Amino acid sequence: MYFLITERPISIEAAMAQLDLRGMGGIVTFSGVTRPTDSLGRALSHIDYEAYQPMAEKFLRKIGEDVRVQWGIEQLAILHRVGRVEIDEPSVVIVAAASHRKEAFRACEYAIDTLKKIVPIWKREAGAETLLQK
């Protein structure tokens with residue numbers, strides 16, 4: 001298991017490099033990328049992310065433990081950016097690997113859905129017309 005909150009750029013390849021993928025029959029990846037518009041269609045220039053890092057790391061480990069218990073997955077990486085993230089750059093990357101694809105898909109979906117619900121990471125969308133905090 002590998003979890004990282006960082007101001008540096010992240011990638012699927014960087015996440016995969018942290019895991020032992022030998023013998024895995026299914027490797028599922030997710031990359032959440034900054035869109036050029038907000039939910040109302042207004043142009044964005046970038047997104048600023050902020051985290052309460054000690055608590056965020058605790059919740060990422062909790063997600064990892066949930067994935068281990070529910071699907072028996074030992075190979076999970078979650079990387080999340082903080083600071084300024086430009087359009088088309090990934091803000092979150094998840095890799096879940098398992099003996100079979102079904103478990104890897106379920107674990108990856110659970111990880112991103114749960115991250116968005118419980119991990120204390122906030123985003124502020126910045127654009128010419130707007131500055132929204134979520």
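The values are calculated or read from the model by the stated rules, or taken from the named source; none is laboratory data. For clarity, every value in this text was computed on a predicted model and none was experimentally measured. Positions of Cβ are generated from backbone atoms using ideal geometry, with glycine treated the same way; all protein chains shown enter the neighbour counts.
A few points about this structure:
- Residues of the stretch 1-30 classified as under 25 Å from Trp122 (Cα atoms), assigned to a loop (DSSP other than H, G, I, E, B) and not hydrophobic (A, V, I, L, M, F, W, C), total: 4
- Residues in the stretch 31-43 that are out of contact with any Asp or Glu (no Cβ under 8 Å at 6 or more places or on another chain) and in a strand (DSSP E or B): Ser31, Gly32, Thr37.
Residues checked against (1) β-branched (Val, Ile, Thr); (2) under 16 Å from Ala56 (Cβ atoms); (3) under 12 Å from the mean Cα position of the chain (by Cα):
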site: His80; (1), (2), (3): no, yes, yes
site: Arg84; (1), (2), (3): no, no, no
site: Ser91; (1), (2), (3): no, yes, yes
site: Ala98; (1), (2), (3): no, no, no
site: Lys102; (1), (2), (3): no, no, no
site: Arg106; (1), (2), (3): no, no, no
site: Ala111; (1), (2), (3): no, yes, yes
site: Lys116; (1), (2), (3): no, yes, yes
site: Val119; (1), (2), (3): yes, yes, yes
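- When the stretch 59-112 is filtered for residues that are basic (Lys, Arg), loosely packed, with under 14 Cβ neighbours inside 10 Å and either more than 19 Å from Gly23 (Cβ to Cβ) or in contact with a Pro (Cβ under 8 Å, 6 or more places away or on another chain) (or both), the ones remaining, listed by number, are Arg61, Lys62.
- Those residues of the stretch 9-40 which are farther than 15 Å from Ser91 by Cα and either in contact with a Pro (Cβ under 8 Å, 6 or more places away or on another chain) or small (Gly, Ala, Ser) (or both), in sequence order: Ala17, Gly23, Gly25, Gly26, Ser39
- Any hit, the stretch 81-103, residues being within 23 Å of Val67 (Cα to Cα), aliphatic (A, V, I, L, M), touching a Cys at 6+ places or on another chain (Cβ under 7 Å) and modelled with pLDDT of 95 or more: yes
- Single residue of the stretch 60-110 satisfying the filter (outside any strand (DSSP E or B) and of a type in the set (Ser, Thr, Tyr)) that is farthest from Leu4 (Cα to Cα): Ser99
- Residue match in the stretch 44-59 (condition: assigned to a strand (DSSP E or B), within 13 Å of the chain's Cα centre (by Cα) and of a type outside the set (A, V, I, L, M)): yes
- Residues within the stretch 33-45 that are of a type in the set (Val, Ile, Thr), surrounded by fewer than 15 Cβ atoms within 10 Å (Cβ to Cβ) and closer than 21 Å to Ile78 by Cβ, tallied: 1
- Given (1) surrounded by 14 or more Cβ atoms within 10 Å (Cβ to Cβ); (2) out of contact with any Gly (no Cβ under 8 Å at 6 or more places or on another chain); (3) closer than 17 Å to Ala126 by Cα; (4) of a type in the set (D, E, K, R), index of the condition Asp48 fails: (2)
- Candidate set: the stretch 20-32, residues that are surrounded by fewer than 14 Cβ atoms within 10 Å (Cβ to Cβ) and of a type outside the set (Asp, Glu); chosen: the one nearest to Pro9 (Cα to Cα): Leu21
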